[in-house]
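**Student:** If you scroll down you'll find the structure; I have some questions about it.
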Amino acid sequence: MNFEDAIKFHGHACPGLAIGYRVASLALKELGLRARDEELVAIVENNSCAVDGIQLICGCTFGKGNLILKDYGKQVYTFIKRPGPDAVRIAVRWEPPADDPETAAMWERYAAGDRTPEVVAAVQDRKTRKMKGVLAADDSDLFEVKRIKVEMPETAKIYPTITCARCGEKFMEPRAKMVSGQQLCIPCSQEEE
Ligand SMILES: [Zn+2]
Ligand SMILES: [Zn+2]
């Protein structure tokens, strides 16, 4: 798995994906794991492009239950090696180099809604430079890394399936909402309000 594979998975090349790729590679190195080992759990504190790099490189996915989103909007990623509690916490501290005045002016036009080809091209170049900067930087310039101990999150449980009294669709029991004595799925219970 390399950065090209990550681009294929994510659908485009961008600085965020590059950050995720570097985070993932560092996590595997720190915890002494191969890519796609199952005994790794990732706790991500945002749902940006970076998370796709982590899913692909680390094999941590929502479906397997070893990718956990804590939606704090922070560029922080924690990796726990099963059975725990050894973990590594990686916080992104990278600051991209300041734009030259010409690029800064193009960026301002773009931010204000200007989509003329020269502006779009300049913004695309800026993005590519940022991405290359991330890929070439030292880990110590990109990240603040801490070894920590973390309680292992509960493994995925299997819950009974019940049928919504309104829409007739099946859902897992802990998500049931009691409305007027009937068990409803979340969307139906919200229509009821
Ligand atoms: Zn992206
Ligand atoms: Zn329903």
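What follows is calculated from the coordinates using simple rules that are stated; it is not laboratory data. Everything quoted here is computed from the prediction, not taken from an experiment. Glycine gets a Cβ as well: all are built from the backbone with ideal geometry, and neighbour counts include every protein chain shown.
**Student:** Give the relative contact order (percent, whole number) for the chain; include only Cα pairs under 8 Å separated by 6+ residues.
**Tutor:** Normalised by residue count, the contact order of the chain is 19 percent.
**Student:** Follow-up. Among 112, 152, 79, whose Cα projects farthest towards the positive end of the dipole of region 63-193, with charges put on the beta-carbon of Lys, Arg (+1) and Asp, Glu (-1)?
**Tutor:** 152
**Student:** Treating the angle as unsigned and between 0 and 90°, give the value, to the nearest 10°, between the Cα long axis of helix 117-136 and the longest Cα principal axis of the chain.
**Tutor:** Orientation of helix 117-136: about 80 degrees from the principal axis.
**Student:** With a ≥ b ≥ c the root eigenvalues of the C-alpha gyration tensor of the chain, is it rounded (a/c under 1.5), prolate (a/b larger than b/c) or oblate?
**Tutor:** Cα axes put the chain in the oblate bin.
**Student:** What ranking, highest mean first, results for peptides 86-94, 139-147 when packing means the other Cβ atoms within 10 Å averaged over each residue?
**Tutor:** The most tightly packed comes first, giving 86-94, 139-147.
**Student:** Place a +1 charge on the Cβ of each Lys and Arg in the chain and a -1 charge on the Cβ of each Asp and Glu, then give the dipole magnitude about the Cα centre in debye, rounded to the nearest 20.
**Tutor:** 540 debye
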